[in-house]
Amino acid sequence: MTTLTRLPDDYVQNPHAVHDLLRAEGPVQEVILPHGLKAWLVTRYDEAKIALTDPRVSKNIQEGGHLMAKHSTQTHVRREVEPTLAVHMLNLDPPHHTRLRKLVTKAFTARRIELMRPRVQEIAAELIAKLNDGDEVDLLEVFAFPLPITVICELLGIPIDNRDDFREWSNQLLSFGTPEQVELAASSMAGFLFQHVTAIAEAEPNDTFFSALVHTDDSGDRLSTEELISMAFLLLVAGHETTVNLIGNAVLSLLRNPDQLQVLKDRPELIPASTEEFLRLEGPINVATFRYTKEPIELGDVTVPADEILMVSLIAANRDPQRYENADQLDVTRSAQGHVAFGHGIHFCLGAPLARLEFDVALTQLLARFPNLTLAAEPETLGWRDSTLIRGLHTLPVRLA
């Protein structure tokens, strides 16, 4: 018999301390989240990998979405998601997920991603050229956000002038905004993407990524307009949110661990491999997206009943001391392979190669130009976004040098 645990109101400010306590008690606990939703939270590594891949666990939000209302407490306000934005791969099981992933993979190849490296380097250099020694800036605002949003907008053929709108809509959809804020953001995003998808579909095919996605045809099978809108939404939001927060979290970790910062300054060739350690220690996603149990499932010595919301904390799994020695410490020379920051199994993040490329370029150029940058605020004064999904800062004030 499990004990129902209410997570503290400041859970998003320090989830690691909460995860440590929960993990010590068992692999999964029934909890009430700060905003009132009852769910089972997985915090250990081995059980997280099972929960991310077991066929008894579903991601079909159309069939399981009603469980959000069933497991809501009186303090939890249900936020409706725009249907057009919800039919993407993360909300589907095989065979529908398999079909969509196959079509998208045809356009989102590793070769296409690597060919983007010179352009990513160019964008990063342009952003850094605007900065000066001695400046105090919000690194998220001037660098960590504009780099990936510019890349993903170019990838999707979206005018960069819209980037601030996308950021606002994304913040409302991924954080705990009011139902009215969420509805407005979702309808605005859906409306814009409908116009964009329609325009691309009516144009002649070209060799750009999104044109290839719109016109991809596999034995007569193509993505519908609704599927394209939802896919564009997924790529747009995931394509910048992951990297923004990966860069921000990593720089904060380095500034709080000057010995590790010195290692990368002395040996910048370690930066590409160190990406995995930053993903492990303070990845950009806390709790993975919606899942529920279709049947009872055993996780360690705990049986989670059917029809329960199952939440997998990726950052908790990645700090499991049974998997990684000194799991709470940053070690840029560590082999952090096997982390689950990008998920695991069939839903492993399709954009992981792009996020890794962008991070490699971003950190390499930033440390080369400003090797002595410092934090311009006390670490404990920094606020984290009000989201159980996103692990990211509101701001990252730094002094450039």
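Here are the numbers:
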{"quantity": "Every residue from region 274-308 that is out of contact with any Ser or Thr (no Cβ under 8 Å at 6 or more places or on another chain), more than 20 Å from residue 16 (Cβ to Cβ) and not polar (S, T, N, Q)", "calculated": "290, 295, 298, 299, 300, 301"}
{"quantity": "Search result, residues across region 264-300 that are surrounded by fewer than 17 Cβ atoms within 10 Å (Cβ to Cβ) and more than 23 Å from residue 60 (Cα to Cα)", "calculated": "265, 266, 267, 268, 269, 270, 272, 273, 300"}
{"quantity": "Those residues of region 212-226 which are assigned to a helix (DSSP H, G or I) and either buried (at least 22 other Cβ atoms within 10 Å of the Cβ) or modelled with pLDDT under 85 (or both), in sequence order", "calculated": "212, 213, 214, 215"}
{"quantity": "Any hit, region 184-206, residues being on the phi > 0 side of the Ramachandran plot, out of contact with any Leu (no Cβ under 6 Å at 6 or more places or on another chain) and either crowded, with 16+ Cβ neighbours inside 10 Å or of a type outside the set (Val, Ile, Thr) (or both)", "calculated": "no"}
{"quantity": "Hits in region 270-322 (condition: in a strand (DSSP E or B) and under 30 Å from residue 358 (Cα atoms))", "calculated": "285, 287, 311, 312, 313"}
{"quantity": "Options 37, 22, 33; residue that is modelled with pLDDT under 95, closer than 22 Å to residue 282 by Cβ and either surrounded by 15 or more Cβ atoms within 10 Å (Cβ to Cβ) or of a type in the set (Phe, Trp, Tyr) (or both)", "calculated": "33"}
{"quantity": "Failed item, numbered, when residue 145 is tested on (1) in contact with a helix residue (DSSP H, G or I) (Cβ under 7 Å, 6 or more places away or on another chain); (2) surrounded by fewer than 20 Cβ atoms within 10 Å (Cβ to Cβ)", "calculated": "(2)"}
{"quantity": "From the options 126, 122, 114, 136, residue that is in contact with a Lys or Arg (Cβ under 9 Å, 6 or more places away or on another chain), surrounded by fewer than 19 Cβ atoms within 10 Å (Cβ to Cβ) and either over 15 Å from residue 400 (Cα atoms) or modelled with pLDDT of 95 or more (or both)", "calculated": "136"}
{"quantity": "Residue 333 being modelled with pLDDT of 95 or more, hydroxyl-bearing (Ser, Thr, Tyr), farther than 26 Å from residue 7 by Cβ and assigned to a loop (DSSP other than H, G, I, E, B)", "calculated": "yes"}
{"quantity": "Those residues of region 227-260 which are among the charged types (D, E, K, R) and surrounded by fewer than 19 Cβ atoms within 10 Å (Cβ to Cβ), in sequence order", "calculated": "256, 259"}
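Residues are listed down the side, and each one gets a yes or a no for (1) within 19 Å of residue 240 (Cβ to Cβ); (2) basic (Lys, Arg); (3) without any contact (Cβ under 8 Å) to a residue 40 or more places away in the chain; (4) surrounded by fewer than 20 Cβ atoms within 10 Å (Cβ to Cβ):
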position: 309; (1), (2), (3), (4): no, no, no, no
position: 317; (1), (2), (3), (4): no, no, no, no
position: 333; (1), (2), (3), (4): no, no, no, yes
position: 369; (1), (2), (3), (4): no, yes, no, yes
position: 386; (1), (2), (3), (4): yes, no, no, yes
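The values are calculated or read from the model by the stated rules, or taken from the named source; none is laboratory data. Computed from a predicted model, the values in this text were never measured in an experiment. For neighbour counting, all protein chains shown are included, and Cβ atoms are generated from backbone atoms with ideal geometry for every residue, glycine included.
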